[in-house]
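One structure is given here, and the rest of the page talks about it.
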Amino acid sequence: MCTEKHFLKFMLCDITQKGYEKKRSKLIGAYLPQPPGVDQALPQERRTPVTPSSSSRYHRRRSSGSRDERYRSDVHTEAVQAALAKHKERKMAVPMPSKRRSLVVQTSMDAYTPPDTSSGSEDEGSVQGDSQGTPTSSQGSINMEHWISQAIHGSTTSTTSSSSTQSGGSGAAHRLADVMAQTHIENHSAPPDVTTYTSEHSIQVERPQGSTARVAPKYGNAELMETGDGVPVSSRVSAKIQQLVNTLKRPKRPPLREFFVDDFEELLEVQQPDPNQPKPEGAQMLAMRGEQLGVVTNWPPSLEAALQRWGTISPKAPCLTTMDTNGKPLYILTYGKLWTRSMKVAYNILHKLGTKQEPMVRPGDRVTLVFPNNDPAAFMVAFYGCLLAEVVPVPIEVPLTRKDAGSQQIGFLLGSCGVTVALTSDACHKGLPKSPTGEIPQFKGWPKLLWFVTESKHLSKPPRDWFPHIKDANNDTAYIEYKTCKDGSVLGVTVTRIALLTHCQALTQACGYTEAETIVNVLDFKKDVGLWHGILTSVMNMMHVISIPYSLMKVNPLSWIQKVCQYKAKVACVKSRDMHWALVAHRDQRDINLSSLRMLIVADGANPWSISSCDAFLNVFQSKGLRQEVICPCASSPEALTVAIRRPTDDSNQPPGRGVLSMHGLTYGVIRVDSEEKLSVLTVQDVGLVMPGAIMCSVKPDGIPQLCKTDEIGELCVCAIATGTSYYGLSGMTKNTFEVFPMTSSGGPITEYPFIRTGLLGFIGPGGLVFVIGKMDGLMVVSGRRHNADDIVATALAVEPMKFVYRGRIAVFSVSVLHDERIVIVAEQRPDSTEEDSFQWMSRVLQAIDSIHQVGVYCLALVPANTLPKTPLGGIHLSETKQLFLEGSLHPCNVLMCPHTCVTNLPKPRQKQPEIGPASVMVGNLVSGKRIAQASGRDLGQIEDNDQARKFLFLSEVLQWRAQTTPDHVLYTLLNCRGTIANSLTCVQLHKRAEKIAVMLMERGHLQDGDHVALVYPPGIDLIAAFYGCLYAGCVPITVRPPHPQNIATTLPTVKMIVEVSRSACLMTTQLICKLLRSREAAAAVDVRTWPPVLDTDDLPKKRPAQIYKPSNPETLAYLDFSVSTTGMLAGVKMSHAATSAFCRSIKLQCELYPSREVAICLDPYCGLGFVLWCLCSVYSGHQSILIPPSELETNPALWLLAVSQYKVRDTFCSYSVMELCTKGLGSQTESLKARGLDLSRVRTCVVVAEERPRIALTQSFSKLFKDLGLHPRAVSTSLGCRVNLAICLQGTSGPDPTTVYVDMRALRHDRVRLVERGSPHSLPLMESGKILPGVRIIIANPETKGPLGDSHLGEIWVHSTHNASGYFTIYGDESLQSDHFNSRLSFGDTQTIWARTGYLGFLRRTELTDANGERHDALYVVGALDEAMELRGMRYHPIDIETSVIRAHKSITECAVFTWTNLLVVVVELDGSEQEALDLVPLVTNVVLEEHYLIVGVVVVVDIGVIPINSRGEKQRMHLRDGFLADQLDPIYVAYNM
């Protein structure tokens, strides 16, 4: 694929620290004018002159720190360097993530060097090569050619052995400044749309024309950017986002043409096969037969017979020598001792466990063997003891803790095998974790076990006449070898006695084993090659095994080579890791002689990357007597045992087979020798021939097992006696693996015998040589192409990783996101690497993988050293790592996500359809075949009721009337936090208090009628009295929430703003708040000199007014209602006297309020319905209001519900914040509340006053929680209000219960409503927002065209009512913009009625229920605010839906808010947990939004709890949050920029 077309995108990160300047100067360094003659491309740093000595010193230091070199390949390293060099020409602007200082991995202070000193270590810019000579960059490419031609010609000499060749000029060390230098950040006034696909031809990528023309971007506040609302923003965050946008504007992979339907018209792209992809062209392969398995006369009839023979004929012959950690022989087990001891073990297992009548273990039962890796002798005795007793051994690893990685799955295996006894050694038994009583605890998921120590001294001697029953090998199970699958589950492979014996014979023949040979074994003797050669075949041939424990290898990596010399061993069994370790350590050794070796078995020879270790090892040790033909890679699998092994030949002229294969071809499963690119090749070595007595073929990896073509990669299958026979207890899986019948192209099976799938991918090459290119388990199928995890590890490691990550500690796996596999790389970071280095390494890994494998990496994570879960032998436990990643408990210290690069199967962006015009509207109420969506509450004119208050036009008159007729009737009762009455007001008390306040306003305030007065009171009775005092004086009141004494700096400016915007002539308040307004803190927050006069109502005049003001016209202003909308806009609306009275009447009728009623109100009384219920309704309807200030619930969460119960209230009103407080605060106390007599059974309506989509999860959990206290689930409902009409819907006493519907979330994005069943995918529950109030009419209109919509469409809710507000009150003069909010007309249909636009999207649905009038009930469902909705990819998204998904993604996410900026989706999450968890959230958030919403998250911001601002109604202030983020005021824990 042409890399020019293909741009890689990735995301980088930085450290949020207050001392940002230091980093800034580093970043800008590239833009500052440089002295002439300085190379622009590389930042200046001190260079070490490269001399051979310094370079070799560097090597030694470097290599000793390396761990595992499974994947080292010089060819590959060079290829990767060359690929990176290609990338070097075009740099990307990469925003580094920001990280809070406390999160930065404990780096030493000097990692943050000031910009003027060199930040590079001594070897930063040095060119690295071999000690003999240093290849320059120009030689690098020649070297590459030379390598490949060498590889093709089968030569194995290598000049660059143990060093990764890094050509200095070819992209060795890009610095971040350099990356930044190549991009110039523009400040686009109109945010570019980066979310649509562009064809790669139409985009010209601008490259800067040379350093002089480059515009240096201004940092800091040199150039302010503005948000959509014109809010200035510090450009630091914005510059990063802009960088991200610029990067994302680069062309993607070519977009794909066709789609598959995801059960809806929102279509995911499906990857179409590339017409130019390579296809296999060869003939159908032929199955390959191994040589005959020869029959040797003295071969024993069974393995136990062999043991008996050697134990009696040559008891003194050494069988096994074990080593201590100093490399001294610890113990020599002879054949005689092995025979007598295993007999003793056999006797004790059968006769000394349980009772004579009921033995615990009978022949055929399974027992587990738990022996440490340094005690092969005890293991061997126990293993043969089991064989002699005809008991089936199941060897496993020693469990170290109760929670070992994968230990639970081992437990399942033991349980399913019915194991009840564990054999172990004395030392191991003592080392197991113990409970305080000294018992061995039951490990997690394990069955109950009896631990039985097999040391001779603990066992009884068998009687003279007892003798084990030794018979010929048969089909009984001999042993079970465990195998860990890709998903972490553990299976047991059963091997029969005949298979065991045949396998030993086949190995003996293939390896040419003879009696009394010495063999050095470094491998794990409990399973696989180590068990087969070092425990089983060795005994058949009476060989002497020198066993090297892993612990000795760690101390002395050369130990195995020393033992080969010391014992003149003929054979050694090793892994490529052991060869690499020996290479690293061999420098000081003089007297090594490997000429005795006739065979060096490389157990992991099937890993294609083992070839480099083999070559390098031969290269170094050829001079020490090692012959080339001695190296024998083999391929094995737990199911098929030994699959193939290279035979030791005497002919040194015949070089081993090599293949240089195109990596691109391999991803399509096709063998193509040496691609033109020469970068992406995989060099493989043969693993020898098929085993004696076996047949091998390769079949297609998926689907029916069809034979491959000769140039096709397939799964190798083997048909032989010497294989496993089943997965213990799993017949289904066994059938799929052990009973495979390969088919020819004509459809017939090739033999009547079943084959076994080996789990290895490869092909049979010329001359019958077997080549393996990877494992089925490591296969990741991304967009139809197959990639091998090992190959990707190798590429990642070739990016000069030694400084940043540990070699052997890197895991690659795929996770399924949005119908495709996505590649994830996790590596352990060295503690001394800086953030910047790590990110540079990560970005280069992405580039390298992209160039060489043409596949994008979805996520690259670095974790602190030593934190990945380990397998018992110290490798990485892959499935456990994947599990931790998916559940968000990996705790990475660096994360780079690239969803924009990888995810190419998103649905096509939606093209808007033209709306239907008036012509298609039929006569009557039909729109395009559907009923017009309109509904109304009861008609006020037709309701007959004896409403006395109707006689009065003004509320002030109603109060005077009540003070005369029912002076002592209590209207208001205020409760304190203890639930006792703090204050109450009767009709006459309120009237008299209001009169005094009116006098005060006129005399002290010198106010005229019509003047505006700000009422700054805490929730309570003073506020109500002050309100009516204003009405009595003819002033216009504005209720304002008082400043919070603990938080004056942020709350007082809002108060000041409302007072100014409302043009208040005077401010009334209490004495306490008066002092607060004049305090020093207040002076620091606002200019106190500009306050209007402040009146303190704690000190009232004693006289009455001459007369009470009566307005001349009901349409004059009664009060102003100010509120901050969710989008952060402060809006005041004008309420006339007529609207106020109509409002109260509507609520009285809906809730059936009379003087005899009591209503409990737990709301903020400053705006909307909360204010009306708190201050106005009682005066109009005469009922008693029990007032509970929500702030009191912070000290006593049960206050509200206890009051409701105590006063036997039928109707109560609260806010979401109150409901949430009760749900969270009282969740565990329902029993004690019941005991205190809390009873909610009388509650008819409990209404949440809100201006948003009903929070159904909260109302449901509240209902469920308090059901036991008598709360009827039907009682809980919500209301709907907005700025143009403070209450449109409110669940009344009569009328049907609130209904819930489920709608398809994907249809909603297209503004369509599609009802679905509960629980169907993508379903969203919506609850009706109460009942439409009397006198209110509603229609659903298209917000753009203003046409009426049908029932099935989502549109803006328009309302017509006598209690609509009469307009906005602002001083900004932009009334014209919002004039249509209050008086809009439909563009067709009923064009006469004047409607107010609510700004909320919703829909109407006619239900089967009947309302009070006996007509079918129309339910109104609110979906969300138009202002909040986000248009992405041509679709409309509501933030709450994305937030709900995100909150579900991880237990530590307590709250979430999303917004867009320059078409990037920004997700802010509050983290309830340690900061170490912050980075876990980034992949999870990205995954869930992709899966559920088909959106790519652009930026993930992790913040502390409480950072997301919330208004008094408990609604999120997303725009405030956005402005805070862009102005860099959030102090985030972590900011990730997804690429």
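The values are calculated or read from the model by the stated rules, or taken from the named source; none is laboratory data. In this text, all values refer to a predicted model and were calculated from it rather than measured experimentally. We place every Cβ from the backbone using ideal geometry, glycine too, and count neighbours over all the protein chains shown. Only protein heavy atoms, including side chains, enter the accessible area calculation; ligands, DNA and RNA are left aside. Shrake-Rupley method; radii C 1.70, N 1.55, O 1.52, S 1.80 Å.
Quick look at the numbers
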{"quantity": "Given LYS448/LYS483; LYS908/LYS1451; LYS444/LYS870, the pairs whose alpha carbons are separated by over 26 Å", "calculated": "LYS908/LYS1451"}
{"quantity": "Contour excess over end-to-end distance, with Cα ends at SER1232 and SER1191 and 0.36 nm allotted per residue", "calculated": "12.5 nm"}
{"quantity": "Average accessible surface area per residue within region 628-779, 1.4 Å rolling probe, Å²", "calculated": "35"}
{"quantity": "Residue-wise HN-Hα coupling along region 372-380, computed from phi with Karplus coefficients 6.51, -1.76, 1.60 (Hz; x: Gly, Pro)", "calculated": "x, 6, 9, 10, x, 5, 4, 5, 5"}
{"quantity": "Region 325-436, dipole about Cα centre (Lys/Arg Cβ +1, Asp/Glu Cβ -1), debye to the nearest 20", "calculated": "280"}
{"quantity": "FRET efficiency, 1/(1 + (r/R0)^6) with R0 56 Å, evaluated for LYS444 and THR966 via beta carbons", "calculated": "0.20"}
{"quantity": "Coordinate range along principal axes, alpha carbons of region 1444-1507, Å, largest first", "calculated": "30, 22, 18"}
{"quantity": "Contour excess over end-to-end distance, with Cα ends at SER1079 and THR1299 and 0.36 nm allotted per residue", "calculated": "74.1 nm"}
{"quantity": "Accessible solvent surface per residue of region 1185-1304, calculated while the other protein chains remain in place, 1.4 angstrom probe, Å²", "calculated": "34"}
{"quantity": "Amide H partners (placed H, <5 Å) of LEU594, local residues excluded", "calculated": "GLY625, LEU626"}
{"quantity": "Loop chymotrypsin sites (Phe, Trp or Tyr not before Pro), region 1277-1384, which have at most 16 other Cβ atoms in a 10 Å radius of their Cβ (DSSP)", "calculated": "TYR1372"}
{"quantity": "Protection-proxy order for peptides 517-529, 1340-1352, each taking the mean of Cβ atoms within 10 Å per residue, highest first", "calculated": "517-529, 1340-1352"}
{"quantity": "Shape of region 1130-1188, Cα gyration tensor, a/c cut at 1.5", "calculated": "oblate"}
{"quantity": "For region 437-454, Karplus couplings with θ = phi - 60° (6.51, -1.76, 1.60), whole Hz, Gly/Pro x", "calculated": "7, x, 7, 7, x, 7, 6, 4, x, 8, x, 6, 10, 9, 8, 10, 8, 9"}
{"quantity": "Share of alpha-carbon pairs per 5 Å distance bin for region 571-659, given as whole %", "calculated": "3, 13, 25, 28, 17, 9, 4, 1, 0"}
{"quantity": "Counting DSSP beta bridges with both ends in region 1444-1539, the antiparallel % (nearest 5)", "calculated": "70"}
{"quantity": "Region 1219-1283: GluC sites (Glu not before Pro) in DSSP loop, at most 13 other beta carbons within 10 Å", "calculated": "none"}
{"quantity": "Integer Hz, Karplus 6.51/-1.76/1.60 couplings in order for region 739-748, x for Gly and Pro", "calculated": "10, 9, 10, x, 9, 7, 5, 7, x, x"}
{"quantity": "DSSP beta bridges in region 941-1087 [antiparallel fraction, %, rounded to 5]", "calculated": "35"}
{"quantity": "Cα-based shape type of region 739-798, given that a ≥ b ≥ c are square roots of the gyration tensor eigenvalues and the cut on a/c is 1.5", "calculated": "prolate"}
{"quantity": "Relative contact order [Cα under 8 Å, 6+ residues apart], region 1153-1217, whole percent", "calculated": "45"}
{"quantity": "Dimensionless Rg/Rh of region 1357-1478 - Kirkwood Rh, Rg from C-alpha atoms", "calculated": "1.10"}
{"quantity": "Cleavage-rule hits (trypsin sites (Lys or Arg not before Pro)) in region 529-570: DSSP loop, at most 16 neighbouring Cβ within 10 angstrom", "calculated": "LYS568"}
{"quantity": "Computed over region 1080-1145: relative contact order in percent, which uses C-alpha pairs under 8 Å that are six or more apart", "calculated": "23"}
{"quantity": "Cα Rg, Dmax, region 1060-1136, angstrom units", "calculated": "16.4, 46"}
{"quantity": "Percent RCO, i.e. relative contact order, over region 756-847, from Cα pairs under 8 Å lying at least 6 residues apart", "calculated": "21"}
{"quantity": "R0 of 60 Å, Cβ-Cβ distance TYR331-ASP1531: FRET efficiency to nearest 0.05", "calculated": "0.45"}
